[in-house]
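To start, the structure under review is shown below, and the notes come after it.
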Amino acid sequence: MTATTPPARIAQAAAMPVLIALSATHLLNDMMQSLIPAIYPIIKVAYGLDFGQIGLITLTFQITASLFQPLVGAYTDKNPMPYSMVVGMGFTLFGLVGLAYAGSYPLLLLSAGCVGLGSSIFHPEATRMARNASGGRHGLAQGIFQVGGQTGGALGPLLAAFVIVPRGQTSLAWFSATALLAMMVMTWTAGRYAELQRQQAAAPAKAKVAATAPVRSTAAVGFAVTILVILLFSKNAYSQSFSSFYTFYLIGKFGVAVQTSQIMLFLFLASSAAGAIFGGILGDRIGRNKIIWFSILGALPFTLMLPHVDLVWTGVLTIVINLIMSSAFAAILIYAMELMPGRIGLVGGLFYGLSFGLGGIAAAMLGELADRIGIDAVYHLCAFLPAIGLLAWFLPRLASDGAPAPGH
C-alpha cells in the first residue's frame with residue numbers, strides 16, 4: 001500500500017485475514033456439529049431408536065448450546081476472551097470421541113451435549129470478533145463468517161455418506177484431527193485479533209466516530225428482539241425438520257439409498273452458504289428489512305409446493321427454499337446488533353443459542369409427531385412454518401435501512 005491509502009482501507013485490509021480465519025473455524029466447528037444428525041440413520045438401527053429418541057438427541061445438543069450462549073455472550077461483552085474458542089473446541093473434541101464409542105443411548109446424549117457446549121462457547125465470541133473486524137461492512141463480515149458455518153454444516157452429510165456410512169460409527173473419531181486443526185487456527189485468530197484491537201485503539205480519535213442510533217425504550221427493543229427470535233425460530237424449525245428427518249423422508253417416500261439421501265441433504269445444506277453471503281452483501285446495499293421480507297415471501301410458495309412433487313423436484317425445491325431462507329440470517333443478526341449497540345456478544349449468544357435451542361425443541365416435537373402421523377404428514381405441516389415470518393410487519397425500521405425511527 002502507498003502512503004496515500006486511506007486509513008479505512010488499511011484497517012479493512014488488515015481485518016480480512018481475521019474474517020477469513022473466523023470463517024474457516026466456523027466451517028470446522030459446524031462441520032463437526034453437523035455430523036450428529038448425519039449419523040442418525042446409522043445409530044437409529046444400531047441402537048433401535050424411534051423418531052422421538054432421535055429428536056431428543058437433537059434437543060439435547062441444541063438445548064446445551066442454547067442455554068449457555070447468551071450467558072457467555074453477556075460475560076464476554078464485558079470481559080472479551082478470544083482464546084475461549086479454543087476451550088470450546090476442546091468440548092467438541094471430547095463429544096466427537098464420545099459419539100464414536102458410546103455404548104449406550106445415555107452416552108450418546110452426553111456426547112451430543114458436549115458438542116453443544118462447545119458451540120455455546122464458540123459462537124458469541126466469534127460473532128463479536130467478526131463484527132469488530134468488519135471495517136464497517138457488517139453485512140459482508142457476517143456473510144463471510146456465516147458462509148463458513150453453512151458450508152461446514154453442509155459437509156457433515158457428505159462426509160457421513162462417504163466416510164461414516166461405509167466405515168461405521170467409530171469412524172467419527174477420525175474427525176478429532178479436525179478439532180485439533182481448528183484449535184490451532186483459533187489460537188492464531190485470537191492472537192491476530194488482539195493485534196487488530198491494539199491497532200484500532202491506537203487510531204486517531206477522529207477515526208472512531210460511531211454512528212448514532214435512535215433511542216428506543218427497553219420495551220420497544222424487547223418487542224423487536226422477540227419478533228426477530230420468532231422469525232429465526234420459524235426458519236430454524238423448518239431447517240431442523242430437514243437436518244433431522246430429511247433422509248428418512250427421502251428413504252420412506254422415494255425409496256432412495258442412505259448414501260443418496262445424505263448427498264441430497266448435503267445439497268440442501270450447501271445452498272445455505274450461497275444464501276448467507278449474498279444475503280449479507282445485499283443487506284449492506286438495500287437494507288435489512290428488505291432481505292428479511294424476501295426470505296419470507298420468496299420461500300413460502302416453494303415450501304407449500306414441496307410435499308407434492310417427485311424426487312427430482314424435491315431436490316430442486318429444497319435447494320431454492322434454503323437459498324432464500326438462509327439469506328436472512330445475517331440481516332436478522334445485524335438488525336438485532338443495531339437495536340442493541342454494545343451488546344454484540346449477548347446478541348450473538350441469544351440468536352445462536354435461544355433460537356437454535358427452540359429449533360431443537362421443534363425437532364423433538366416433530367420427532368414425536370412423526371411417530372404418530374408419519375414423516376410425510378409432518379412435511380405437509382412444516383410447509384406452513386415460513387408463514388410465521390409475516391410478523392416482520394411489526395419490526396421498526398432502522399436508520400441503516402434509510403428510514404426514520406420506528407416502523408409500521
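The values are calculated or read from the model by the stated rules, or taken from the named source; none is laboratory data. The shown structure was predicted, so the numbers you read here are calculated from the model rather than taken from an experiment. Quick reminder, even Gly has a Cβ in these numbers, built from the backbone with ideal geometry, and neighbours come from all protein chains shown. SASA here: full protein model, heavy atoms, side chains in, ligands and nucleic acids out. Shrake-Rupley method; radii C 1.70, N 1.55, O 1.52, S 1.80 Å.
Values as computed for the structure displayed
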quantity: Label-zone membership for region 133-150, site residue 197, 7 angstrom Cα→C-beta point, backbone N under 17 Å; calculated: 133-135
quantity: Selected from 336, 160, 224 as most flexible by GNM, with the chain as the system and alpha-carbon contacts under 10 Å; calculated: 224
quantity: Options 17, 116, 268, ranked by Cα towards positive dipole end of the chain, top entry (Cβ charges); calculated: 17
quantity: Heavy-atom accessible area order for 20, 281, largest first, 1.4 Å probe; calculated: 20, 281
quantity: Å² of accessible area per residue within the chain, as computed with a 1.4 Å probe and no ligands counted; calculated: 40
quantity: In Å², nearest 10: area of residue 16 left accessible to a 1.4 Å probe; calculated: 60
quantity: Degrees between helix 51-78 axis and first principal axis of the chain (Cα, 0 to 90, nearest 10); calculated: 10
quantity: Percent carbon-and-sulfur accessible area, the chain, ignoring ligands, DNA and RNA, probe 1.4 Å; calculated: 71
quantity: Estimated inter-spin distance, residue 373 and residue 74, nm [label 7 Å along Cα→Cβ]; calculated: 3.7
quantity: Using alpha-carbon coordinates, inclination of helix 7-38 to the longest axis of the chain, degrees; calculated: 20
quantity: FRET efficiency, 1/(1 + (r/R0)^6) with R0 25 Å, evaluated for residue 305 and residue 47 via beta carbons; calculated: 0.10
quantity: DSSP loop chymotrypsin sites (Phe, Trp or Tyr not before Pro) with at most 16 other Cβ within 10 Å excluded, longest remaining stretch of the chain; calculated: 84-383
quantity: Largest-first ellipsoid semi-axes for the chain, taking √(5λ) over the Cα gyration tensor eigenvalues, angstrom; calculated: 34, 25, 18
